[in-house]
Amino acid sequence: MATDNIIHFWRKNAKVPGRQYGSGGLCCTLELMSIQPVYGAQHPPLDPRIHRTFPKDTPKGNNLKSKKASSFHEFARSTNDAWDIDDENDEDFLAPIHPSSLPPTLHSTHQVPPLPLQQPSDTTREPDTGPADRLAPPTAEGCLQQEEDTDCGQINGRVVVKSSSEALINTNTVRSTLQKQQSLPVRPIIPLVARISDQNSSGAPIMTLRDKSRLDKFKYLLSCPNTDLEELRKHSWSGIPREVRPITWRLLSGYLPANMERRDLVLKRKRDEYFGFIEQYYHSRTDETYKDTYRQIHIDIPRTNPLIPLFQQPAVQEVFERILFIWAIRHPASGYVQGINDLVTPFFVVFLSEFVEEDVENFDVASLPLDTQRNIEADSFWCMTKLLDGIQDNYTFAQPGIQNNVKALEELVSRIDEDIHNYFKRYEVEYLQFAFRWMNNLLMRELPLRCTIRLWDTYQAEQEGFSHFHLYVCAAFLIEWRKEILSMVDFQGLLMLLQNLPTIHWGNEEVGLLLAEAYRLKYMFADAPNHYKR
């Protein structure tokens, strides 16, 4: 009887979030009307084909008390009713579903399940092969046509439709749910990790009237015989339009001169110089001196943004190997350190975008002319070199730059949010355990690549963006998750949260707010050592 009451409660209260505990004490708490999976920015989502439980797989009523989940996959299956986007009414879930109303089938584990408001696209729907070929169970109307006053059918021993009145209620419920979803404002969905476009998470148009005005200002500044770099930085702080981002990044990084007449000559000279390095040094990658360095680079390259098809292309991976190897042997004080491979990707994507209108993440780089490929490679190398020149102590022996930054972050957080700082002390969480990666990879493992590109717009505009301002961005980023951090009840939960923060849906708006908070913290603490130190 108690089991039946529990079942009845969840049937009638489908909107109430569920709480299930897996083998590691993992607690899954879902907000009302916004039930969505949460993944880290660089972590692959679960395959919905594995974890979606259809009615035929639902355990019978007398077997609802399942054993404790022994893996995360079992945990995900046990909470399927909470994740499912059609769970607003459990009767709809039990009712027969036509194939066209199901979400489109995903063909790869790298793809991400659609958000609740996403409608199945025409290209991913099952082909309409006629009623005889469909595998869907008979609809309520079909059963009623066969026998109006008898049961329509059962699912796992449970009667779905008993009479014409129940069939009408069931059908109306499905229709009202679909109508309500269709009546809501449908926004363009940001494809998750694999999307590189700089679309806002709110679905706002990329080019607004304000954006057009800003683009005109950038074009004017860039067209001047001598570009005013200070003015360019001022306009770049709040984001650089996609159309002018490549040339702006070259200028702000110090790769290109402000004088327009000298730019073509400098570009040609630097590009030739880079490929001269390749001819001079790249053949030595198999020598005893450098083979370990090359081997580590060769291992790390496929791990770079594994969910984005662009970076899994052999041509792109060869480009990254050459860039990283040449940089490593030209900087023997640090050599190659894991994490530097991530720092190439924003430059490569930005310079590639000059020749690709959209869908950069799936573009075949080998289809570009060879000279264009070489120019993108050389420009990426030199801009990455300029960046690393300012933070090279992050990668020298014992990485003192990172250790100093992590210590500074701890001091800063203890001043701006003592509750979080004391909470970490209570559960013996060391800042180095999560913030080391934030400093080593410049938050690239915590944010989608589209957000990193927007973040670097501001870093390029700051005089010491990568070396100094990044500290305040990390502090603001930590405080952003204050509520979630203080809701954790053990060391394991805290560390899992901090290493897999749910930024997968972030866009320009979220990054803009993060940067604004970081600027506030910098304004308050950067020039106030008495506030900064104990």
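I'd like the trypsin sites (Lys or Arg not before Pro) in region 234-293 restricted to DSSP loop residues with at most 16 other Cβ atoms within 10 Å, sorted by number.
none
Would you work out what percent of the accessible area of region 379-455, with all protein chains in place, is carbon or sulfur (probe 1.4 Å)?
43
Report the net charge of residues surrounding ASP342, where surrounding means a beta-carbon distance below 12 angstrom and charges are Lys +1, Arg +1, Asp -1, Glu -1.
Residues near ASP342 contribute +1 overall.
Go through LYS219/LYS270; LYS407/LYS483; LYS268/LYS522; LYS234/LYS483 and tell me which ones have a Cα-Cα distance over 29 Å in this structure.
Long pairs (Cα-Cα over 29 Å): LYS268/LYS522; LYS234/LYS483.
With the other protein chains left in place, how much accessible area per residue, in square angstrom, belongs to region 390-506 at a 1.4 angstrom probe?
I get 38 Å² per residue for region 390-506.
Mind jotting down the distance between the C-alpha centroids of region 228-306 and region 330-402, whole Å?
Using only Cα atoms to place each centre, the spacing works out to 6 Å.
Could you rank TYR220, TYR274 by how accessible they are, 1.4 Å probe, largest area first?
Final ranking, largest accessible area leading: TYR220, TYR274.
Which value, in Å² and to the nearest 10, is the accessible area of PHE275 when all protein chains are kept and the probe is 1.4 Å?
30
Which percent of the accessible heavy-atom area of region 210-265 goes to carbon and sulfur, probe 1.4 angstrom?
On region 210-265, the fraction of accessible area on carbon and sulfur atoms equals 53 percent.
The values are calculated or read from the model by the stated rules, or taken from the named source; none is laboratory data. Being a predicted model, the structure only gives us computed values, none of them experimental. Note that we place each Cβ from the backbone using ideal geometry, even for glycine, and neighbour counts take in every protein chain shown. Remember, those area values only see protein heavy atoms, side chains included, never the ligands or the DNA or RNA. Shrake-Rupley method; radii C 1.70, N 1.55, O 1.52, S 1.80 Å.
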